1. Do we have residue 107 as farther than 20 Å from residue 159 by Cα, without any contact (Cβ under 8 Å) to a residue 60 or more places away in the chain, surrounded by 13 or more Cβ atoms within 10 Å (Cβ to Cβ) and not small (Gly, Ala, Ser) here?
2. In this structure, is residue 228 within 16 Å of the chain's Cα centre (by Cα) and surrounded by 13 or more Cβ atoms within 10 Å (Cβ to Cβ)?
3. Name the one entry in 57, 47 that is among the aliphatic types (A, V, I, L, M) and either within 21 Å of residue 103 (Cβ to Cβ) or modelled with pLDDT under 95 (or both).
4. Could you list all residues from the range 155-197 that are in a helix (DSSP H, G or I) and touching a residue at least 40 places away in the same chain (Cβ under 8 Å)?
5. Has the range 133-144 got at least one residue that is at pLDDT 80 or above, in a helix (DSSP H, G or I) and not polar (S, T, N, Q)?
6. Looking at the structure I just gave you, is residue 74 farther than 20 Å from residue 195 by Cα, of a type in the set (A, V, I, L, M, F, W, C) and without any contact (Cβ under 8 Å) to a residue 12 or more places away in the chain?
7. Any residue that is aliphatic (A, V, I, L, M), farther than 24 Å from residue 201 by Cα and assigned to a strand (DSSP E or B) - is there at least one of those in the range 96-106?
8. Would it be correct to say that residue 182 is modelled with pLDDT of 95 or more, over 18 Å from residue 72 (Cα atoms) and basic (Lys, Arg)?
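The values are calculated or read from the model by the stated rules, or taken from the named source; none is laboratory data. Since this is a predicted model, take the numbers as computed values, not measurements. Here the Cβ positions follow ideal geometry from the backbone for every residue, glycine too, while neighbour counts run over all protein chains shown.
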Amino acid sequence: MKHSPIISKPANMKSIPYPPRYAPLFVPLCAVVVASLWVLSACTRTAEPSAEVFTSAMNSYLAKRGDLCLGKNAWPIDVTQHEVDVGARNALQMPVLEKLGLVASTVAQVDVNDEGTLHHMKVRRFALTDAGHKYYLTRDPGRETVKTSVAAAPKGDFCAAKLSLDHVVGWELHQTTDTAQRQAVVSYTYRIDAAPWAQDAQVQKVFPVVSNVLRGAGTAQLQETFTLTNAGWVAVDLQGS
């Protein structure tokens with residue numbers, strides 16, 4: 001068997017260093033591997049259901065959607081005599097807000113279309129005062145809006161309080177059948193920062209939801225549904241934002 005001759009280096013021959021472009025690549029490669037493992041580990045920690053993970057997700061959700069609002073989106077609000085006669089919601093609620101200085105009323109003339117017939121009538125028109133405008137909040141429409149090529153306008157509402165997380169009680173995991181996404185229904189208790197006028201007895205009488213939410217602070221359990229995304233667990237209500 002023949003062996004290749006061994007060529008020895010002359011004693012006076014100097015070593016030639018690698019040019020920069022031929023430098024060994026094992027250090028950068030190690031850095032890439034370590035970084036990839038760190039990202040994978042971080043993603044795993046974010047996806048793995050835990051009280052810590054859902055506490056963070058709930059805090060993010062309530063920061064954007066924690067306002068307790070009254071469903072008064074469009075102002076001014078007109079109240080007809082018929083609504084007064086039958087005790088309609090606005091006929092009961094608006095005078096209470098007016099007594100608290102949050103709205104002011106005037107008499108207005110309007111035309112009402114009743115199956116093609118116009119009826120001219122007087123209404124009591126309620127508009128927000130400067131004090132009331134402080135509690136009219138706008139936010140992105142979120143998943144309630146149908147996606148179109150035109151951006152949806154922010155949605156406003158008259159709000160009585162702001163909820164924040166007390167603690168996560170538990171969660172139930174589900175798998176959606178249509179998209180195979182992992183979902184979690186998270187149960188939690190809450191703290192509440194209410195507007196001073198929300199404590200008024202008459203307000204709580206005509207807005208029973210406000211009364212119930214105020215009484216339930218720290219004890220009542222609410223639920224929110226989350227979906228596992230590339231960014232972690234995100235509330236379903238926020239995914240259209």
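1. Numbers: farther than 20 Å from residue 159 by Cα: yes; without any contact (Cβ under 8 Å) to a residue 60 or more places away in the chain: yes; surrounded by 13 or more Cβ atoms within 10 Å (Cβ to Cβ): no; not small (Gly, Ala, Ser): yes.
The answer is no for residue 107.
2. On the way: within 16 Å of the chain's Cα centre (by Cα): yes; surrounded by 13 or more Cβ atoms within 10 Å (Cβ to Cβ): yes.
Judged against the criteria, residue 228 is a match.
3. Working: 57 fails: either within 21 Å of residue 103 (Cβ to Cβ) or modelled with pLDDT under 95 (or both).
Testing whether each residue is among the aliphatic types (A, V, I, L, M) and either within 21 Å of residue 103 (Cβ to Cβ) or modelled with pLDDT under 95 (or both) leaves just 47.
4. Of the residues in the range 155-197, the ones in a helix (DSSP H, G or I) are 196-197.
Within the range 155-197, just 197 meets the criteria.
5. In the first step, residues of the range 133-144 are kept if they are at pLDDT 80 or above; the result is 133-138.
Imposing the further condition that a residue be in a helix (DSSP H, G or I) reduces the set to 133.
Subset that is not polar (S, T, N, Q): 133.
Within the range 133-144, one or more residues are at pLDDT 80 or above, in a helix (DSSP H, G or I) and not polar (S, T, N, Q).
6. Values: farther than 20 Å from residue 195 by Cα: yes; of a type in the set (A, V, I, L, M, F, W, C): yes; without any contact (Cβ under 8 Å) to a residue 12 or more places away in the chain: yes.
Yes.
7. The initial filter retains those residues of the range 96-106 that are aliphatic (A, V, I, L, M), namely 96-97, 100, 102-104.
Next, from what is left, pick out any that are farther than 24 Å from residue 201 by Cα: none.
Scanning the range 96-106, I find no residue that is aliphatic (A, V, I, L, M), farther than 24 Å from residue 201 by Cα and assigned to a strand (DSSP E or B), so the answer is no.
8. Working: modelled with pLDDT of 95 or more: no; over 18 Å from residue 72 (Cα atoms): yes; basic (Lys, Arg): yes.
So residue 182 fails the test.
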